[in-house]
Amino acid sequence: MDYVTIEKKINRQDKPPNMQGYLQSYDDFSWQQANALIKGYKNGINIGYEAVDRHVEEGHGEQTAIIFLGKKGQRQILSYRQLQQSSNRFANLLNHLQVEKGHLLCSLTDRSSTMYTAIIGCLKSGVVFCPLFAAFGPEPIKSRMKIGGARLLLTSARLYCKKIASWRDELQSLQQVLLYDCQGQCPEGCVDLDLVLSQYSDDYPICETAAQDTALLHFTSGTTGKPKGVVHVHEAVIYHKYSGYCALDIHPQDIYWCTADPGWVTGISYGVISPLCNRATLIVDNAEFDPIRWYSILQIEKVNIWYTAPTAIRMLMKSGSELCQQYDLSALRFLASVGEPLNPEAVVWSQEFLGKPFHDNWWQTETGGIMLANFIGENVKPGSMGRPLPGIQASIVKTDKQGHIIKVITPGESGELAFKPGWPSMFRNYLNETERYQSCFKDDWYLSGDLAYQDEDGYFWFVGRSSDLIKSAGHLIGPFEVESALVEHPAVVEAGVIGIPDPVSGEIVKAFVSLKFGYEPNEALLKSIMAHARKKLGSALAPRTIVIKQNLPKTRSGKIMRRLLKARELGLSEGDLSTLESDENDSIKPNNEDYLYEEKKP
Ligand code: ATP
Ligand code: MG
């Protein structure tokens, strides 16, 4: 199927979009306007102030800031004033512990209110906040804390005993461990937060942080290799606020749900900072993905803006269209997706069954914020990542024979996705890897490491990571194109495509697919998927081999790990697996011959 651009009609009852007309906004943009969205604190900028205290000062202290939904149906509400006060107590505790501006606190928590209190408290006190994913095992936790030189750890008593206690003494930089949920049994050498926090004042003089002071340390997802520590500064808040305003269309008091875990950059930039800065009411769900639960939350909480990821969308599709039709999702105004390529099929599905298309957008840990987006008032091209935000100069580039960057101006021709540096949330370093950081910049362009192309309307289309590109018989094949064609088959819900060496073609395309609920793997089905791929892609691009695997290897943030599919396929070292979803390890083995279909050579 060729996908048709989804033309937007704005419902009269909807709030008018923050950004009125893309092209005009792009032309009219000035950083002064974006800077004016934030207030600044004394002579500098402080993210915690912009996210919370500012709203209280402006008379919105009683507005609900966060609604926490517990696993067993509990519902806890925190107003902006309460968040201000709890974060002040936390900041006072940090001062008391003699933690200083620039020191690092790592958090290893579930989506509890303590974590949200801590992040704002850290930012207000100038302490650098580094989220770690709670499902990490001891080794990835230790290595990240070591790289960062963590002074403090925030975690629950349960996670501490299970994952930290046995090696805590090995980490010399670590001064204090702050625990919540101790239930009166705080392990020795730790601070019982539930006990001590209330003793601190809920007034706090916010630390005067400069725009360029480090605020956050984020580790990348580890999709292409060992995760990198990415450094961000307080000035980033300008972009957090601005991009939430224009790319996610967040209005004050919107009910906003970002499903990303706060262990990753999306869960912080757009799960905490951006929506709070834009004075939304955040939904935070502490349970794991479950289609019934998710649709219920959308309905009961009357969510207006929903920011999620392709893997979750595909799981919802997998659970069937009938399910979503049982819910009233009429409060939804804007649906967005990030993290992985969003197959056009998913956009069309959401338009049909949720009544609105998912708006794909693109960014990375390094960019700190959304760079390319499909916008609310603009037409959506299913399968495209959209266009650069006003203020962002994006281009497709290649290197000439002298090694200089040249811009690709022919629509449809792919190259590396690059940006003119200078937007406020751009990373400032890879921790302890300055050379690597510098190598990302060439001829005044930031090179993203992703391949894409731009069409004649200025929309960008993802091709693949440069490390995932397949070179077959003189063709350069991006895995995304092949994967998208495969998921158009009615039985296929997810696909991961890699190149494997071939003496004749250089590389040949091999695909791994997982099936929708109700489909049984068998040879006839594989043949039909193969026939579909050949018809859609032609023989040059179609996979030579297709394997059915019900669980593709993914990072804990839900990205398909093509490098792992490839390493297993070729018997190579599997590399850093710290971010691999753990239950995946046992559930698939490479080359399940039962469900493998190989095309005979012509
Ligand atoms: P690592 O850098 O450790 O390999 P990672 O790149 O997956 O991990 P992140 O910074 O979390 O870590 O992810 C950013 C990457 O995710 C982008 O560079 C891109 O490859 C992919 N991505 C994000 N959004 C999109 C999108 N809308 N379409 C296609 N790819 C996307
Ligand atoms: Mg990356």
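Summary table below
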quantity	calculated
Conditions (1) more than 20 Å from the chain's Cα centre (by Cα); (2) in contact (Cβ under 8 Å) with a residue 12 or more places away in the chain; number of the one not met by ARG293	(2)
Residues being away from ligand 1 (no atom under 16 Å from the Cβ) and surrounded by fewer than 21 Cβ atoms within 10 Å (Cβ to Cβ) - total across region 545-571	7
Test: residue in region 329-350 that is among the charged types (D, E, K, R), at negative phi and within 16 Å of ligand 2 (Cβ to nearest atom)	yes
Condition broken by LYS228, with the remaining ones in (1) within 16 Å of ligand 1 (Cβ to nearest atom); (2) within 30 Å of GLN24 (Cα to Cα) satisfied	(2)
Matching entry among GLY61, GLY40 (being over 26 Å from the mean Cα position of the chain (by Cα) and under 21 Å from GLY422 (Cα atoms))	GLY40
Condition check for LEU276: crowded, with 24+ Cβ neighbours inside 10 Å, within 16 Å of ligand 1 (Cβ to nearest atom) and either of a type in the set (A, V, I, L, M, F, W, C) or more than 15 Å from the chain's Cα centre (by Cα) (or both)	no
Candidates GLU288, GLU322 - the one that is surrounded by fewer than 20 Cβ atoms within 10 Å (Cβ to Cβ), without any contact (Cβ under 8 Å) to a residue 12 or more places away in the chain, more than 16 Å from ligand 2 (Cβ to nearest atom) and part of a helix (DSSP H, G or I)	GLU322
Filter result for GLY244 (at pLDDT 95 or above, over 30 Å from GLU435 (Cβ atoms) and either assigned to a loop (DSSP other than H, G, I, E, B) or within 16 Å of the chain's Cα centre (by Cα) (or both))	yes
Some residue of region 510-517 being part of a strand (DSSP E or B) and in contact with a Gly (Cβ under 6 Å, 6 or more places away or on another chain)	yes
Qualifying residue in region 209-217 (condition: within 16 Å of ligand 1 (Cβ to nearest atom) and at pLDDT 95 or above)	yes
Residue in region 370-379 that is hydrophobic (A, V, I, L, M, F, W, C) and surrounded by fewer than 24 Cβ atoms within 10 Å (Cβ to Cβ) present	no
Any hit, region 186-203, residues being within 16 Å of ligand 2 (Cβ to nearest atom) and in contact (Cβ under 8 Å) with a residue 12 or more places away in the chain	no
Strands (runs of 3 or more DSSP E) completely within region 60-169 that count 3 or more residues being among the β-branched types (Val, Ile, Thr)	64-69
Candidate set from region 331-376 (those that are assigned to a helix (DSSP H, G or I) and among the aromatic types (Phe, Trp, Tyr)); member that is nearest to the chain's Cα centre (by Cα)	TRP349
Test set (1) within 20 Å of the chain's Cα centre (by Cα); (2) free of Cβ contacts under 8 Å to residues at least 12 places away in the same chain - GLN438 fails condition number	(1)
Top-ranked residue in region 250-261 [being under 13 Å from the mean Cα position of the chain (by Cα) and surrounded by fewer than 23 Cβ atoms within 10 Å (Cβ to Cβ); ranked as nearest to ligand 1 (Cβ to nearest atom)]	ALA260
Residue identified as farther than 18 Å from PHE480 by Cβ, without any contact (Cβ under 8 Å) to a residue 12 or more places away in the chain and among the aliphatic types (A, V, I, L, M) among ILE409, ILE376, ILE405, ILE392	ILE409
Options SER198, SER173: the member that is in a loop (DSSP other than H, G, I, E, B) and of a type in the set (S, T, N, Q)	SER173
Which numbered condition ILE376 misses (of (1) away from ligand 2 (no atom under 16 Å from the Cβ); (2) out of contact with any strand residue (DSSP E or B) (no Cβ under 7 Å at 6 or more places or on another chain); (3) among the hydrophobic types (A, V, I, L, M, F, W, C))	(2)
Within region 206-241, tally of residues that are in a loop (DSSP other than H, G, I, E, B) and within 15 Å of ligand 2 (Cβ to nearest atom)	9
Out of ALA452, ALA485, sole residue that is surrounded by 20 or more Cβ atoms within 10 Å (Cβ to Cβ) and away from ligand 2 (no atom under 16 Å from the Cβ)	ALA485
So MET115, is it more than 17 Å from LEU93 (Cβ to Cβ) and of a type outside the set (Lys, Arg)	no
Count of residues meeting criterion [surrounded by fewer than 24 Cβ atoms within 10 Å (Cβ to Cβ) and either without any contact (Cβ under 8 Å) to a residue 24 or more places away in the chain or of a type in the set (S, T, N, Q) (or both)] in region 222-249	2
Residue list for region 324-368, filter: under 30 Å from LEU216 (Cα atoms) and either more than 12 Å from ligand 1 (Cβ to nearest atom) or outside the structural domain of GLY222 (by TED's automatic domain parsing) (or both)	PHE334, LEU335
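Conditions tested, residue by residue: (1) in contact with a Gly (Cβ under 8 Å, 6 or more places away or on another chain); (2) at positive phi; (3) buried (at least 19 other Cβ atoms within 10 Å of the Cβ).
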{"position": "TYR459", "(1), (2), (3)": "yes, no, yes"}
{"position": "LEU469", "(1), (2), (3)": "yes, no, no"}
{"position": "ALA473", "(1), (2), (3)": "yes, yes, no"}
{"position": "GLY478", "(1), (2), (3)": "yes, no, yes"}
{"position": "ALA491", "(1), (2), (3)": "no, no, yes"}
{"position": "ILE498", "(1), (2), (3)": "no, no, yes"}
{"position": "VAL504", "(1), (2), (3)": "no, no, no"}
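The values are calculated or read from the model by the stated rules, or taken from the named source; none is laboratory data. Small disclaimer: the values here were computed from a predicted structure and weren't measured. FYI the Cβ positions are ideal-geometry reconstructions off the backbone, even for glycines, and counts take in every protein chain you see.
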